[in-house]
Structures are given as C-alpha cells and as structure tokens.
Amino acid sequence: MIAYLEQHFLHDDTNNDSLEPQQQQQPILQSMNLTGTIDTTVATTTSAATDFGNLHVTTPLAVIKPSNTHDIVSVIRFASQSQTLTVAPRGNGHSINGQSTAHKGLILDMKNNNELVKLVKKNGCYAVDVNGGMLWEDILRKCVGKYGLSPRSWTDYLGLTVGGTLSNAGVSGQTFRYGPQTSNVTELEVVTGTGDVVVCDHGRNSDLFFAVLGGLGQFGVITRARVLVQPAPDMVRWIRVVYSEFSEFTRDAESLITRKEGESFDYVEGFVFVNSDDPVNGWPSVLLDPDQGYDPTRSGNRVLYCLEVALHYSKGNCSSTVDTRVEKLLGRMRFMDDAIFQMDLSYVDFLLRVKEAEKQAKANGIWDDAPHPWLNLFVSKSAIEDFDRVVFKKILKDGIGGPMLVYPILRSKWDERTSVVLPEGDIFYIVALLRFTNPSYQKSPSVRDLVLQNHEIVQICNRNGLDFKLYLPHYNTQEGWKQHFGDRWSSFVEMKSRYDPLAILAPGQKIFTRQQS
C-alpha cells in the first residue's frame, strides 16, 4: 500500500486522474483502517499547503480527518512503514512559518475533533478533560455555560486548538498569575511518533508529559488534555491607561504582576503605539473615549505605551465597590491623567473580544488570505529597556500595521521541566509584533520588507547581547535550533530518539530530518 500511495500521489501518476476522489481514497482508507476521512484532491490539500502566516507554500500528499485516537495511531504507523512520509498535526493552522505543514506528507486535521468537555475532580481540584482538537473559544463557552467554571490561563486569541497552544506555551494577560497554559495541565493523552497511545502526567510517564508541553509537536500528538479550572467571574472592568515614558510603564506593570492576589488586577497586558492619528498604530487603536483622541501637544514622544488591565467581579458587587477597588489600584500608577478608558462587559465577551477584531479583519480581507509576518519574542527584564530604545523607538517608531504587544511575565509561574526555553531573570517580557499586510492601507510596506525587518530585529538583539528567546520559534537550520535550546538541546534530541525515532512528526518545524525506516 505504501508503494501504491507513492506511485499514485508522490509521483503524480497521470493515469490516476481518471479515478473519482472516492475511488482514489478507498485503497488507502482500507489499508489504514480509518473511520475518519482522507482527501487527496488538489482543491482540499491546497488549503493545507500554507498556514496563517501565508509566507510559505508546501503541498501535502493528503489531508486526513481522524474521528478518534485509533485513526491517529493508524496514520502514524502507516507513515512509519514508508521511507519518506511525515505527519503534521494541524489544529487551526495558526502557525506563521509553515510549522503545521508537511511537504508531500500527511496532514492530520485535528480541529473540532470530538468536542469533549468532561468535568473531573481529583485531590480537591477541578479540571476538565478536553480533546486536543478543540478550540479554546468552544471550551470557554461550554465550561462557563454548563459548569460556571473557566480554565485559569488563556491565550489572547481563542480560535486556537488545545494541542496547538500546549505544544508552544499559551500566554496572555493571566499568565503572570497562573503561568502559561502549559503550567495548567495535569494530564495528557498522547500518540507518540511510534504510534503508541500514552497517558502521562507528573507521576506517570512524566518525561513524555513535560517534553510534549512546549515540545513543538516533536514527540507526540496531543489527543486529550486535563485542564485546571476555577469559578468563572461574571463581569470584567476593562481598563486602558497610557504612558509617555517606558520606564514608568514597566515600573507599573512589574508592580502589578508581583503583588499578591487580591491586591492587583486579574489581567495585565500592554502594547506600544505611535503618537499620531494613524488608524492602525496610532491613538485610534487605543480605544479611548472620543474626546481623548490624538492631541499633538499632549506628548512630544514618537511612541507611547498602553497598559491594559482588567478586574474580575460578580454581578452581586455594586458598582461603587468596583469603582473603589479600581480607584485604589489606579491611584498608585503613573499614567497620563487624561488618557484612560474603562468599560464593563461580561467575562466571556472580554475573553472573546479579539474575535470581533477577527471578524473585521476578515471583512477587510486581511485575515485569511493576506501574509502575516509576525515575530514573537521573550525578552529578559535586563534587556527590555535596550530593546525599547533600539527597536520600538527607532526601527518601529512608525508602527508595523498591527498590534505591538509588550508586557511582563513572572518566571516563577512556569514549570521549567517542560520543553519551553526562557531568557534569564525572574521577570521577562513577551514582545509580539503582530503585523498585518493590507494593500488598501497606504503605509503598509511589502511583505519582503516586513520579513527583512524581523530578521534585522533579531540580528540587532544578538549584536547588542540582549537576553531573549524566540517564542513560537522558527529556524531553518539545526544549528539555529541548537543555539535556541542551548544546554537543553541534548535532552531534546534524546527525547526525540525515544518517542519519534524516525522523525515522522511535525516536519514543518524543520528541527529534525525524516529518518529511513
């Protein structure tokens, strides 16, 4: 059957064109004993030939929609019998540099695979069992709607799958308190690169458990995760305040994330914006009240900083109580007095607010089809002021055509037994340059220029000796990956040889080369 697949699809056999797609699929389906579907038509595989970044095109051999864990096992074992086949698990395809693609390989379409949300209680803690292909936004609605509970840690954009974010880290404005999503999982079910189904946690098969978390899909496919939950608040007071000086912005942000729970906000993020009336990167992007818009006399600085915070509360809290708590917290901060935004909205609507931005971006044609040359970094506190000086204030002083996030995170909230690598220091910053290319936007530079600017930023950080690590990393050479993992590279390689010795999984990461079976 491997020979059949390679002859008819790897080598583009023209005699196969006369067959209907269903006829083409039958021999493969029968060989793998799938209950799901397999699609080898060009029209279908084209959508899986790229990812959200839209920077690379890599045509797969087939797209397989598994209906259960057995299907995933069958696909991996099928690939292991060949000399060249690879398997790429793909959730919502939200990677930027082709990480969820597989050149002439098999794509596992994991999204919305059996939407399981099952409440469990163990050792006095509540958690939910969810399938690896579920979107976080669906988990949010189901958990809050059915149980009144919510996962503790999120990502900013919830249109991502459980397996996708856990394979990286999963960070947002709650990370300072609860850690990343990888620190809020107590159990995983994983199909390894050898086709074995393994249930793992802190005690059972713990080496695989920690390797998979942040492991970039290199050791196994996450089919189920047990995620910690807690009572969901009813409402959120959403606040944005503006700073003219980076030092005051970082002072307040770091102060908020180091306070005890109950003495700070429940959500802390921030972003950089341009001191202009630019609709994408200027004052209009801050969402202040209409009479607090761009005023050229307000600050002489070219770039400004916005701290975004939120306070959770229940419907039973009277507005005066919430106002008092907010005023007390804001009273210690040094933001510009005339630049503040406040809004009350439900907890679910707050977490899904990026969904509204997604709808607008789709309507404008800059979400699905446009390139997105994003750059994400973790920058040490010791280097963040230099980063601001050489990157935000110089290279990016005119904006990037999208959000420029920057906010601090506590290292102590991360379980460093996972595969995620971090910069040094007790505090580091997430820097996310979320570029959108928009042909209708006059100031939008070319995709090539944006990619080159990303490379320039990384090179400047290296030349200036700034302590940083790429988040959602991408390197084209194994040497780059060795430098990224540093002294943890040897253990990463050892785990790969143990759980995916043929290097079948996640070829789009370009970490390892497929080995002969």
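Quick look at the numbers
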| read-out | value |
| --- | --- |
| Residue count, the range 361-410 (criterion: hydroxyl-bearing (Ser, Thr, Tyr) and surrounded by fewer than 16 Cβ atoms within 10 Å (Cβ to Cβ)) | 1 |
| Hits in the range 253-272 (condition: open to solvent by less than 30 Å² (accessible area, probe 1.4 Å) and out of contact with any strand residue (DSSP E or B) (no Cβ under 6 Å at 6 or more places or on another chain)) | 264 |
| Segments classed as strands (runs of 3 or more DSSP E), wholly inside the range 124-204, with at least 1 members that are open to solvent by 10 Å² or more (accessible area, probe 1.4 Å) and either assigned by the TED database to the domain that holds residue 419 or modelled with pLDDT under 95 (or both) | 125-131 |
| Residue ID - nearest to the chain's Cα centre (by Cα), chosen from residues in the range 98-123 that are in a loop (DSSP other than H, G, I, E, B) and surrounded by fewer than 22 Cβ atoms within 10 Å (Cβ to Cβ) | 111 |
| Selection count, the range 335-385, where residues are more than 23 Å from residue 136 (Cβ to Cβ) and among the polar types (S, T, N, Q) | 4 |
| Options 315, 328, 355; residue that is without any contact (Cβ under 8 Å) to a residue 40 or more places away in the chain and either open to solvent by 50 Å² or more (accessible area, probe 1.4 Å) or out of contact with any His (no Cβ under 8 Å at 6 or more places or on another chain) (or both) | 328 |
| Residue in the range 287-300 that is surrounded by fewer than 19 Cβ atoms within 10 Å (Cβ to Cβ), outside the structural domain of residue 433 (by the TED database) and touching a strand residue (DSSP E or B) at 6+ places or on another chain (Cβ under 7 Å) present | no |
| From the options 241, 280, residue that is more than 30 Å from residue 485 (Cα to Cα) and crowded, with 22+ Cβ neighbours inside 10 Å | 241 |
| Helices (runs of 4 or more DSSP H) wholly inside the range 422-517 containing at least 2 residues that are more than 23 Å from the chain's Cα centre (by Cα), modelled with pLDDT of 95 or more and among the aromatic types (Phe, Trp, Tyr) | none |
| Failed item, numbered, when residue 515 is tested on (1) surrounded by fewer than 19 Cβ atoms within 10 Å (Cβ to Cβ); (2) polar (S, T, N, Q); (3) assigned by the TED database to the domain that holds residue 369 | (3) |
| Residue count, the range 296-328 (criterion: in a loop (DSSP other than H, G, I, E, B) and within 13 Å of residue 242 (Cα to Cα)) | 3 |
| Enumeration of residues in the range 154-168 that are within 21 Å of residue 253 (Cα to Cα) and touching a residue at least 40 places away in the same chain (Cβ under 8 Å) | 154, 156 |
| Every residue from the range 52-66 that is touching a strand residue (DSSP E or B) at 6+ places or on another chain (Cβ under 7 Å) and part of a loop (DSSP other than H, G, I, E, B) | 60, 61, 66 |
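The values are calculated or read from the model by the stated rules, or taken from the named source; none is laboratory data. Predicted, not measured: the structure shown is a model, and the values here were computed from it. In this analysis, Cβ positions are derived from the backbone assuming ideal geometry, glycine residues included, and neighbour counts consider all displayed protein chains. Heavy atoms of the whole protein, side chains included, go into the accessibility calculation; ligands, DNA and RNA do not. Shrake-Rupley method; radii C 1.70, N 1.55, O 1.52, S 1.80 Å.
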